[in-house]
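Accompanying notes for the structure given below.
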C-alpha cells in the first residue's frame, strides 16, 4: 500500500534531518525531568495538604492553573477508564514543572512550606527558571546542547537530593 518509504521520500541535499529521539541522551533527559516533576509534585501535595484540606483553593497562586489541570484531566478521562479502570490522579498530578515552580516560590507557600527544603529563594528561582526552559525544549523535541544537559543534570539532581533529605 505505502511501498518502500525510504525510496518514496526524496530529501534535498541541503536539509538536515533531526537526530532520532531514540538516542540515549534524549531518553536520559526525559527520565531526569520526569523524576524531578514527580518528586516536586509529591512534595507540593504532601506539604500543602498538611496545611488544610482545601489547599488547592488556598495555596495555588493562580486559579487558572486549576482550570487548566481540570481540562487536562477531563481529556484524560477516556484513557483512564480504558487503561486504569477509571482511577484518576489527584488534580496536582496534571501540573507541569512551571506550575510547580510558581506554587513553590509563591510567598504564601515559600516561608511556611518550602524554604526549609530549598533554603535560598533566589537560587531556587534561578535554577528552576533554567530547568523550566530546558524542560520545554525537551517536551517540544528540541535538542539540548552540552550546557543545557549539564545544567539539567546538576540542577535536577540537586533539587531531588534536597527533597529526599527533607
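The values are calculated or read from the model by the stated rules, or taken from the named source; none is laboratory data. All figures in this text were calculated on a predicted structure; none of them were measured in a lab. As a convention, Cβ positions derive from the backbone with ideal geometry for all residues, glycine included, and neighbour counts pool all protein chains shown.
A few notes on this one:
- Selection status of residue 51, more than 18 Å from the chain's Cα centre (by Cα) and under 27 Å from residue 165 (Cβ atoms): yes
- In the stretch 26-44, the residues that are more than 13 Å from residue 159 (Cβ to Cβ) and surrounded by 18 or more Cβ atoms within 10 Å (Cβ to Cβ): 29
- With respect to the conditions (1) in a loop (DSSP other than H, G, I, E, B); (2) crowded, with 17+ Cβ neighbours inside 10 Å, residue 134 falls short on a single one, namely (1).
Each row is one residue, and each column tells you yes or no for (1) surrounded by 11 or more Cβ atoms within 10 Å (Cβ to Cβ); (2) outside any helix (DSSP H, G or I); (3) without any contact (Cβ under 8 Å) to a residue 24 or more places away in the chain.
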| site | (1), (2), (3) |
| --- | --- |
| 47 | yes, no, no |
| 61 | yes, yes, no |
| 65 | yes, no, no |
| 71 | yes, no, yes |
| 77 | yes, no, yes |
| 89 | yes, yes, yes |
| 99 | yes, no, no |
| 102 | yes, no, no |
| 110 | yes, no, yes |
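- Which numbered condition residue 145 misses (of (1) surrounded by fewer than 16 Cβ atoms within 10 Å (Cβ to Cβ); (2) at pLDDT 95 or above): (2)
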